[in-house]
Amino acid sequence: MTRLEDVLDAMGLRTFDPPMTLDYRFGSFQAEEGLFRCFVNEDDVIRTFSYMEIKGDQVYWIALEYPDFDQAVENIIRVGIKCRKTLGRHHAAAFIIAAPEGVGDDRERLETAFKAFSAGQDISVYYTLHIWDEETLRNVEQNVMEAQRRNRETNAVE
């Protein structure tokens with residue numbers, strides 16, 4: 001969990017705790033929707049005492065476990081529909097299943113079901129699915145750290 005928290009922090013992603021909500025023009029998100037936890041880019045929110053208002057149009061939904069195929073797909077569809085209702089026609093949502101043990105033999109089935117669901121969305125809606133097992137999370141961590149190093153070097157030159 002610590003590695004995941006460090007990676008999400010380095011990516012600038014933040015979550016929130018109930019009863020705080022993430023509000024947008026057409027509704028709001030709870031901190032947890034089914035098996036997913038809501039994260040947003042820190043630069044895209046305005047924080048008040050009881051809620052955060054999202055200025056951007058991208059949310060990240062992160063599951064810390066993989067219960068089974070049916071439950072994962074049902075949650076993705078439910079949260080995806082809520083994204084459409086809350087964020088409107090133009091938005092992006094990344095669904096990340098961050099399960100250290102991975103999803104076993106379900107990876108291909110999950111990707112196929114996800115593609116079928118996202119293909120049924122408006123062209124202005126962009127959904128992605130990421131499955132972060134331990135090895136993938138390590139690679140993501142290396143990529144994020146490398147990007148931060150390049151940014152520091154670029155800023156030092158300026």
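Bear in mind these aren't lab numbers, they're just calculated from the coordinates by the rules spelled out. All of these numbers come straight from a predicted model, not from anything done at the bench. Note: ideal-geometry Cβ built from the backbone for every residue, glycine included; neighbour counts use all protein chains shown.
Assorted remarks:
- Close amide H partners of residue 33, meaning residues 5 or more places away or on another chain with modelled amide H under 5 Å apart, are 38.
- Taking Cα centre as origin and charging only the Cβ of basic (Lys, Arg, +1) and acidic (Asp, Glu, -1) residues, the dipole magnitude of the chain rounds to 680 debye.
- Here the label points at residue 26 and residue 146, each 7 Å from Cα along the C-beta direction, are separated by 3.8 nm in the simple model.
- C-alpha center-to-center spacing [segment 36-50, segment 135-158] in angstrom: 23
- Three-way shape call for the chain based on the alpha-carbon gyration tensor, with the a/c threshold at 1.5: oblate
- CD proxy at 222 nm, helix term only [per DSSP H run n ≥ 4: -39500 (n - 2.57); per residue of the chain; nearest 500]: -13500 deg cm²/dmol
- Gain upon complete extension [residue 5, residue 70; 0.36 nm per residue less C-alpha separation]: 20.7 nm
- Rounded to 5, percent antiparallel among DSSP beta bridges of the chain: 45
- Normalised by the number of residues in the chain, the mean separation of alpha-carbon contacts (under 8 Å, six or more apart) gives a relative contact order of 21 percent.
- Contact order normalised by residue count of segment 30-93, Cα under 8 Å, 6+ apart, percent: 34
- Shown for the chain are the DSSP H helices of 15 Å or more along their axis, judged by Cα atoms, with a mean Kyte-Doolittle hydropathy of at least 0.0: 69-87.
- Contour minus Cα-Cα distance for residue 115 and residue 50 (0.36 nm per residue): 19.8 nm
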